1. In region 101-120, what count of residues is obtained for those that are surrounded by 13 or more Cβ atoms within 10 Å (Cβ to Cβ) and more than 10 Å from ligand 1 (Cβ to nearest atom)?
2. Residue pairs, Cβ under 6 Å, 6 or more apart or interchain, first in region 90-109 and over 16 Å from L161 (Cβ atoms), second near ligand 2 (Cβ under 10 Å from one of its atoms). List them.
3. For I59, work out the one condition from (1) touching a helix residue (DSSP H, G or I) at 6+ places or on another chain (Cβ under 8 Å); (2) more than 16 Å from ligand 2 (Cβ to nearest atom); (3) not in a loop (DSSP other than H, G, I, E, B) it doesn't fulfil.
4. Take the conditions modelled with pLDDT of 95 or more, of a type in the set (D, E) and more than 17 Å from S48 (Cβ to Cβ) and apply them to E101. Does it pass?
5. Being away from ligand 2 (no atom under 11 Å from the Cβ) and over 16 Å from the mean Cα position of the chain (by Cα) is the filter here; which residues of region 62-78 pass it?
6. State all residues of region 42-56 that are small (G, A, S) and part of a strand (DSSP E or B); if no residue qualifies, say none.
7. Say whether the condition of being surrounded by 16 or more Cβ atoms within 10 Å (Cβ to Cβ), assigned to a loop (DSSP other than H, G, I, E, B), out of contact with any Gly (no Cβ under 8 Å at 6 or more places or on another chain) and aliphatic (A, V, I, L, M) is met by at least one residue in region 80-87.
Amino acid sequence: MKIEIDDKQFELLLEYEQIKKRIRLIAIQLNVDFENRIPVFIGVLNGSFIFLADLIKEIHISSEVSFVKVSSYEGEKSKGKIKKEIGLQMSLKDRDVIIVEDIVDSGKTLEYLLEMINKENPASVNVCTLLLKPKSLKIQIDEITYVGFEIPDEFVVGYGLDYNGLGRNLRDIYRAV
Ligand SMILES: O=P(O)(O)OC[C@H]1O[C@H](OP(=O)(O)OP(=O)(O)O)[C@H](O)[C@@H]1O
Ligand SMILES: Nc1nc2[nH]cnc2c(=O)[nH]1
């Protein structure tokens, strides 16, 4: 099934049921890995809002949630420079931090966030991303521990991810054709 968003056509890549199943498995792992730790989940706005909402409902250990907002993409293109729109809202000193991303593409956003978070002297930092484009990744990031799906180097929308601000509300994830 093809859909149109703004001036672009997209086709189905991942169905919501598939995404939900994968999230349940990731959450089981997180519940085990952070038992008795009280981690802080940091959602990266805007894109991660749906993923974080679904993920956190499957987390049964004691935990906190906070957000940061950074952006660099316009349409399909990264503008290169990361802009911090909302910074850290709490101290992360000695905390176990889990950065929650919808997608890691070039890795530039994550590199920026890791630098910002590491300055706070957290006890540990791990990244949980729903999507990873291994072929696009420009830098090795050892903190990427939890990955939902590795996907090809194609622009995707839906389930929180946008094209020109549109499509975040789609239940499934689509790729550009
Ligand atoms: O690995 P990178 O190449 O840096 O790309 C990944 C980032 O791009 C998207 O954010 P975007 O800047 O589009 O902001 P948004 O979440 O508000 O859509 C996405 O949510 C990631 O944070
Ligand atoms: N919507 C969207 N945002 C991105 N940010 C980095 N890569 C992507 C992508 O494929 N789709």
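The values are calculated or read from the model by the stated rules, or taken from the named source; none is laboratory data. All of these numbers come straight from a predicted model, not from anything done at the bench. In this analysis, Cβ positions are derived from the backbone assuming ideal geometry, glycine residues included, and neighbour counts consider all displayed protein chains.
1. Qualifying residue count, region 101-120: 5.
2. No pair meets every condition.
3. Only one criterion is unmet by I59, namely (3).
4. No.
5. Correct list: S62, S63, E64.
6. The one that is small (G, A, S) and part of a strand (DSSP E or B): G43.
7. no
Let's see how each residue does on (1) basic (K, R); (2) free of Cβ contacts under 8 Å to residues at least 12 places away in the same chain; (3) under 29 Å from K138 (Cα atoms):
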position	(1), (2), (3)
K57	yes, yes, no
F67	no, no, yes
S71	no, no, yes
G75	no, no, yes
S78	no, no, yes
K81	yes, yes, yes
E85	no, no, yes
